[in-house]
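Okay, structure first, notes after.
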Amino acid sequence: MLKRFSILIITVIILFTGCKSPEFTSALMYVNENNLGKAEEFFKKALIVEPDNALVPYLYARDVLLPEERWNEMANMFNRANEINPDANLEKPIIIDGNIYSTVSEGAEAYREQEWGKIFNKAVEVKDDKKNAIEFLNLAIKVYPSKSNTYGYLASVYLDMGDLKSAKNAAQNGYEKNPEDILILQVLASIAQKNEKLDLAVDYMELALGIAEDKGTILRKLIYIFIDMEEFETAIEYSMKAIREYPNDPDIYYNVGVLYQKMAIQLFEPARTKFVEESNKDKWDKDIMNDIYEDFRKARSFCVEAKDYFLDSTDLEGDEDGSTQAVSEMKKTINQLDEIFIPAVRDMMD
């Protein structure tokens, strides 16, 4: 009882006089002597004696826990300092990268960001060890929770591991911090795509596309989503945007060629099946034959477009076996249409 009463008296004196307790003074003295072990001992005592002094946990975090890279404890002490009085003035303003910080909350924020960079870099260094990377990323979030790209990187690690639930949770937490974080939007789109919610995936990628300065990666991913949806014409529209952005990228031209090729096949193969069926009948349905004729003509047009884009890809890439083979296949299909199917349908329609 007497001990508690003594602590209360000391606390009252400190509050009304502005003087540091002997424990706090000793902690600072040991910091100056670089004796962090003793400094920590007295900081812990000062936390008890001066529970309402935000500078005690702040300086404990800055001068002992931060240098020793005890980041989890550091974050706890900065949190404690902010809970006591975020507007408490520092005895001496600090300057980091030309910026001046004069309060506990400002100083804590600056050091959080500084240490966040170290932790995040460690996560990147061990990215192949996903479990270790996740531990560092979660620590980075605790140290500096307002940094949204940590959540995006964490979500992408979970996504690589196939843990969609954890990936979604991390990405949504990051989205709440910053709904314009491009990595987070892409991860949310990938999760939606894996869950076969393709319309939602498109929505996220459209948001990312509107924000991104370098639109190449976003456009490519968006095009692939439209391909998954079998919306080939829309995929081609976005491919045209990609070509305008990157006119010398042979892969884009090749992919456009593939899209036109898919559209040609979608028309040609069913039309060919119908053609064979009608040919075996004693009497042909002219309306059906007319539909077959139109499908053959459209398929031919798509084949020509595909061939041209494959040729453009070859011109930009040089000798590329894939493009050369694709050109050959399109020429073969065009010849079949010109020499066999279209003339045969015309004859049957006369």
Tell me, please, whether a residue that is touching a helix residue (DSSP H, G or I) at 6+ places or on another chain (Cβ under 6 Å), closer than 21 Å to Glu233 by Cβ, among the acidic types (Asp, Glu) and in a helix (DSSP H, G or I) can be found in segment 281-293.
no
Taking the condition of being surrounded by 22 or more Cβ atoms within 10 Å (Cβ to Cβ) and modelled with pLDDT under 95, how many residues in segment 187-212 meet it?
0
Which one of these is modelled with pLDDT of 95 or more and either surrounded by fewer than 17 Cβ atoms within 10 Å (Cβ to Cβ) or in contact with a Cys (Cβ under 6 Å, 6 or more places away or on another chain) (or both): Asn121, Asn149?
Asn121
Has segment 134-145 got any residue that is acidic (Asp, Glu), surrounded by 16 or more Cβ atoms within 10 Å (Cβ to Cβ) and modelled with pLDDT of 95 or more?
no
Does Phe42 fit the bill of being buried (at least 19 other Cβ atoms within 10 Å of the Cβ), at pLDDT 95 or above, more than 30 Å from Glu135 (Cα to Cα) and of a type in the set (Phe, Trp, Tyr)?
yes
Mind listing whichever residues of segment 249-268 are out of contact with any helix residue (DSSP H, G or I) (no Cβ under 6 Å at 6 or more places or on another chain) and within 21 Å of Asp214 (Cα to Cα)?
Asp249, Asp251, Asn255
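The values are calculated or read from the model by the stated rules, or taken from the named source; none is laboratory data. For clarity, every value in this text was computed on a predicted model and none was experimentally measured. A quick note on method: Cβ atoms are made from the backbone with ideal geometry, for glycine too, and the neighbour counts reach across all protein chains shown.
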